[in-house]
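A short worksheet on the structure shown next.
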Amino acid sequence: MTAVPTLETDRLVLRAPGPQDLPAIYDFYDSDRSRFVGGPCSHEQAWRFLAMEIGHWALRGYGRWTVEERATGAVAGMVGLFNPEGWPEPEIGWDLFNGYEGRGYATEAARAARAYAYDTLGLDTVISLTRIANTQSAAVAQRLGATLEGTFHHERHGMMNVWRHLSPAQLKEQAA
């Protein structure tokens, strides 16, 4: 199995997902906040979602991290690279848990995930998929500099917007 690296930002720690995350995941999937990512759902289904997150690392060699607040150690969400069967290409996805939205955590963690995708994995492009009605997630994509490229129809999630992130070269040019 692929060892999951730990990433750190100013305010966050991105670490391997594990069974210790189940209480926060159950709380998230019990709530309407999960409506754009397969919820609300039972604890049995939420457990399966966590198992998929863990297994994604083994199957693809990359995946999403559990996001913790540095200051408190509280689990704030799941952010990272996602490319399950049926996805058009690797994406940066973010799910912030109840009470952690509106603090810039999704943007901060997604920047770290994008840097990992480009600098460590050598990818030259990534996307983010957002449900059409999920304006908050679309706003995160825009804050990251992604542009709306088109739509993608997923068999379970329906029509989704495809946001194309800046390439490594574009990010270097922007920083100069």
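Can you name the residue in the range 17-45 that is hydrophobic (A, V, I, L, M, F, W, C) and touching an Asp or Glu at 6+ places or on another chain (Cβ under 8 Å) and is also nearest to Glu85 (Cα to Cα) among such residues? Result: Val37.
Considered as a group, the residues in the range 140-171 that are over 20 Å from Ala115 (Cβ atoms) and in contact with a helix residue (DSSP H, G or I) (Cβ under 9 Å, 6 or more places away or on another chain) include one that is most open to solvent (accessible area, probe 1.4 Å), and that residue is Leu148. Examine the range 93-108 for a residue that is open to solvent by 30 Å² or more (accessible area, probe 1.4 Å), closer than 20 Å to Ala141 by Cα and among the polar types (S, T, N, Q), and state whether such a residue exists. Yes. Condition check: under 15 Å from Leu14 (Cα atoms), touching a residue at least 24 places away in the same chain (Cβ under 8 Å) and in contact with a helix residue (DSSP H, G or I) (Cβ under 8 Å, 6 or more places away or on another chain). Does Gly80 satisfy that? It is true that Gly80 is under 15 Å from Leu14 (Cα atoms), touching a residue at least 24 places away in the same chain (Cβ under 8 Å) and in contact with a helix residue (DSSP H, G or I) (Cβ under 8 Å, 6 or more places away or on another chain). Quick check: anything in the range 44-53 touching a strand residue (DSSP E or B) at 6+ places or on another chain (Cβ under 8 Å), under 19 Å from Ala112 (Cβ atoms) and assigned to a loop (DSSP other than H, G, I, E, B)? No, the conditions are met nowhere in the range 44-53. Within the range 25-43, the set of residues being assigned to a helix (DSSP H, G or I) and under 15 Å from Leu96 (Cα atoms) comprises Ile25, Tyr26, Asp27, Phe28, Tyr29, Asp30, Asp32, Arg33, Ser34, Arg35, Phe36, Val37. Scanning the range 36-91 for residues that are open to solvent by 20 Å² or more (accessible area, probe 1.4 Å), among the aromatic types (Phe, Trp, Tyr) and touching a Leu at 6+ places or on another chain (Cβ under 8 Å) yields Trp47, Tyr62, Trp87.
Any chance the range 57-71 includes a residue that's touching a residue at least 60 places away in the same chain (Cβ under 8 Å), in contact with a strand residue (DSSP E or B) (Cβ under 7 Å, 6 or more places away or on another chain), under 25 Å from Val126 (Cβ atoms) and not in a loop (DSSP other than H, G, I, E, B)? Within the range 57-71, one or more residues are touching a residue at least 60 places away in the same chain (Cβ under 8 Å), in contact with a strand residue (DSSP E or B) (Cβ under 7 Å, 6 or more places away or on another chain), under 25 Å from Val126 (Cβ atoms) and not in a loop (DSSP other than H, G, I, E, B).
The values are calculated or read from the model by the stated rules, or taken from the named source; none is laboratory data. Bear in mind the structure is a predicted one, so any value in this text is a computation, not a measurement. Here the Cβ is made from the backbone with ideal geometry for all residues, glycine too, and neighbour counts use every protein chain on show. Ligands, DNA and RNA are excluded from the accessible area calculation, which covers all protein heavy atoms including side chains. Shrake-Rupley method; radii C 1.70, N 1.55, O 1.52, S 1.80 Å.
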